[in-house]
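Quick notes on the structure that follows.
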Amino acid sequence: MSTKVVKFGGSSLADAEHFKKVADIVLADKTRRYVVASAPGKRFSDDVKVTDMLYRCYDMAVKGDSFSDAFKAIEERFNDIISGLGLDISLDDEFAGIKDAFAHRAGRDYAASRGEYLNSMILAKYLGFDFVDPAAYIRFNDQGQFDLDTTRTLLGEKLSGITYAVIPGFYGSMPNDTIKTFARGGSDVTGSIVANAVNAVIYENWTDVSGFLVTDPHIVDDPEPITTITYRELRELAYMGAGVFSDEAIFPAKKANIPINIKNTNKPEDRGTFIVSDTAETSRFTITGIAGKKGFSVIQI
Ligand code: ASP
């Protein structure tokens, strides 16, 4: 069976209603075998992402301030999802363990990673998939650099024995087994790593927009979507300031020549944008996308 890796961002997993859409998407295609999940994101514009709540809470713990109320608000976010899905599970033991680890200063990366960890536990239960904690398989070296070779071996071996799994995004661990996160937005990187480790046919990255636009909609009205873009073109656009996929997230998929498809959880029928190594497709346009930076000069020597 061919394998797809699918990653859902925080806005796609912000509440129970979104979880239901995610389950419909995943279960509609039995080749969507490995699901990478973010922490719950914003439900409305001035909402707070669970990752930010965790950072704040941990900072309070380190200062020796009481963080019980702040932590309660995090528990509520997860309990709302659990009850909204009608699941018969309790994360109370997990919450207690995390609070205890905060009090013992388990580290800011550990703290931030718990959003993905808990959300993935809920999603795994809801989908009936296995839960795989990436701490043991996504590895960094002593310098804190991500180690693709070791990870590919460990994660590839682990997942070869599991047909369907949910894997928390955003983190792995150091050689001394402490948790280390990628940069913010790092679940995109995890999705790309999992795709590489299982030689996926495609890496679907599900978010709240139907792919990239040809240019910035704040400047140009109603720009067309980009249907296909090469890794290289995307890199150029990112370099010139387009808020697109990070290089760190592209590299593991690119290395294994796996196309990335940016898709919209709220409009799954939209084609989205394909990021590929080479395009044989003749585009309607000569120019793929336009990005720019103010006050930017290039000096060529
Ligand atoms: N939850 C993390 C963040 O807010 C990682 C992610 O969503 O990809 O940055």
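Just a few scattered comments:
- The residues of segment 239-260 that are touching a Ser or Thr at 6+ places or on another chain (Cβ under 8 Å), part of a helix (DSSP H, G or I) and either acidic (Asp, Glu) or closer than 14 Å to Ser277 by Cβ (or both), listed by number, are Ile250, Phe251, Pro252, Ala253, Lys254.
- Conditions (1) closer than 19 Å to Ala23 by Cα; (2) crowded, with 23+ Cβ neighbours inside 10 Å: number failed by Pro134: (1)
- Residue match in segment 153-164 (condition: under 30 Å from Thr227 (Cα atoms) and either within 13 Å of the ligand (Cβ to nearest atom) or touching a strand residue (DSSP E or B) at 6+ places or on another chain (Cβ under 8 Å) (or both)): yes
- Only listed residue being free of Cβ contacts under 8 Å to residues at least 24 places away in the same chain and within 16 Å of the ligand (Cβ to nearest atom), chosen from Arg56, Arg108, Arg77, Arg114: Arg56
- Test: residue in segment 122-136 that is in a loop (DSSP other than H, G, I, E, B), aliphatic (A, V, I, L, M), under 29 Å from Asp29 (Cα atoms) and in contact with a Ser or Thr (Cβ under 6 Å, 6 or more places away or on another chain): no
- Long-range neighbours under 7 Å by Cβ, at least six apart or interchain, first residue touching a residue at least 12 places away in the same chain (Cβ under 8 Å) and closer than 17 Å to Leu159 by Cα within segment 176-194, second of a type in the set (Gly, Ala, Ser) and within 8 Å of the ligand (Cβ to nearest atom): Thr190/Gly169; Gly191/Gly169
- Residue check, Ala165 within 14 Å of Ser38 (Cβ to Cβ), of a type in the set (Gly, Ala, Ser) and surrounded by fewer than 24 Cβ atoms within 10 Å (Cβ to Cβ): no
- When residues in segment 131-153 are screened for being in contact (Cβ under 8 Å) with a residue 24 or more places away in the chain and closer than 16 Å to Thr190 by Cβ, 14 of them pass.
- Condition check for Val244: within 16 Å of the ligand (Cβ to nearest atom), under 30 Å from Phe140 (Cα atoms) and modelled with pLDDT under 95: yes
- The requirement of being in contact (Cβ under 8 Å) with a residue 60 or more places away in the chain and away from the ligand (no atom under 16 Å from the Cβ) is satisfied by Leu127.
The values are calculated or read from the model by the stated rules, or taken from the named source; none is laboratory data. Just so you know, these numbers come straight off a predicted model, no measurement behind them. Cβ atoms come from the backbone with ideal geometry, glycine included; neighbour counts cover every protein chain shown.
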